[in-house]
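One structure is given below, encoded as structure tokens.
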Amino acid sequence: MAFLEVILSNTPNVALGVKPYLLNGKNWLFISPDELAEELHKACEDLPSVSIKRPGGRLELPLDENPWEEESDDIREIEFQLSLIKDLPQGTTPADWVSLLGPRGYLNGSTEECATSLGISQVQFLKTLKEIQDQLDPPGVFAQDLRDCLLIQLRRLSMDNSDGARLLKDFHRELESSRLDLISKATGWDLNRVKEAIMSLRKLDPSPLGIVSKPVRPEISMIPYKDGISFKILRENMPSLSLTYPSKIKGKLRSILMRMSGRYRTLATIGLAITMTQRNFLSGKTEYLEPLTVKDLARITNLSPSTVSRCTRGTYAVTRYGTISLSRLLSKPLRSNPNLSIHRLTLEISKLKSMGLSDLEISKRLGVPRRTLAYHRERRDFTYPKPSLASLE
């Protein structure tokens, strides 16, 4: 009679295998359109029937991603210079004025919003602002936008009447669209003189504090349309494939197309979920974000939190506020009030403070503990202005 004996062995066994992620190179979901075009060129080197079209459209300068996390030497120097100005409005400090700056050195809101934030009249604010712009170094800080920044620098150089100054004052819209022919016709200058004027402007500093966002290529559009939001994938900003023999889609080519479609499908899924939640903010009906976290998006889209996090950080969308990372459309809820986003809380604190309410009154009105209010009072969430005159960047 035969017996079978089963023996379990813990002896290590080495086996060779290939992981799909390594086989395919970079994960196409987490790279920019231009990086994707490079990856497609590499993947299609041995496919002569395939040609790659690089992303079109124009690179956009995104809204600044992060406020200063630490006070830089430049900021300390500006605060010191402000302390030397004798006519700062009563009740305002150099630190109050520094808080109005975005990372590029521009004001982080309109003059009306900044005046309200400081608790002074707009007339008083504009008078002091002019004095600050004329005295502080580097020239251009406290400008309202790129055009204002360059005009301040020209004024400090006694070049108010230069060709470059005239372009900024009278033809800034033509500069934005690079319509040199229209400028030449309107001024009577030949194209060489127009180009020389533009070159003189390019020698100026568009970012007085030296912190510049890297231009990006947005892949999604979330623009208000009628009573809702028009959501679109910007195909012109993405690479594309053209096939000499479109009927022969198999093997490696089929795999490439599947990966591309998977990328776009995932971005569209995440983008649509964000649009649905933040449609009131995106359309301008409200000024605050609704509570929405990476985990919320992962649950809605049935994707992993890691995938959602990396996609939102690396994907940009065109909105009414400018070109922004999808991650800027997320806002954590308060633990004490899950229906209130931190973004909304910071805006409400700023608004109620400008009305003269005390912390206790604000705490009661918003229904949040005073310790929570104290923590977020200094963490004001500004929306940075989008620089214009892109032809000068």
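Please treat every number below as a calculation from the coordinates, not as lab data. All values derive from a computational prediction rather than experimental measurement. Ideal geometry is used to build each Cβ from the backbone, glycine not excepted, and the neighbour counts take in all protein chains shown.
Of note:
- Sequence-distant contacts, meaning Cα pairs under 8 Å at least 6 residues apart, place the relative contact order of the stretch 125-184 at 19 percent.
- Percentage of interatomic Cα-Cα distances in the stretch 73-212 larger than 17 Å: 61
- Taking a ≥ b ≥ c as the square roots of the eigenvalues of the alpha-carbon gyration tensor, the stretch 281-361 is classed oblate because a/c is 1.5 or more while a/b is no larger than b/c.
- Filtered trypsin sites (Lys or Arg not before Pro), the stretch 180-273: DSSP coil and at most 11 other beta carbons within 10 Å: Lys203, Lys226, Lys248, Lys250
- Above-threshold pairs, the threshold being 26 Å between Cα atoms, out of Lys169/Lys226; Lys127/Lys351; Lys169/Lys232; Lys169/Lys195: Lys169/Lys226; Lys169/Lys232
- Chain lengthening between Leu357 and Lys250 when straightened (0.36 nm per residue, less Cα-Cα): 31.7 nm
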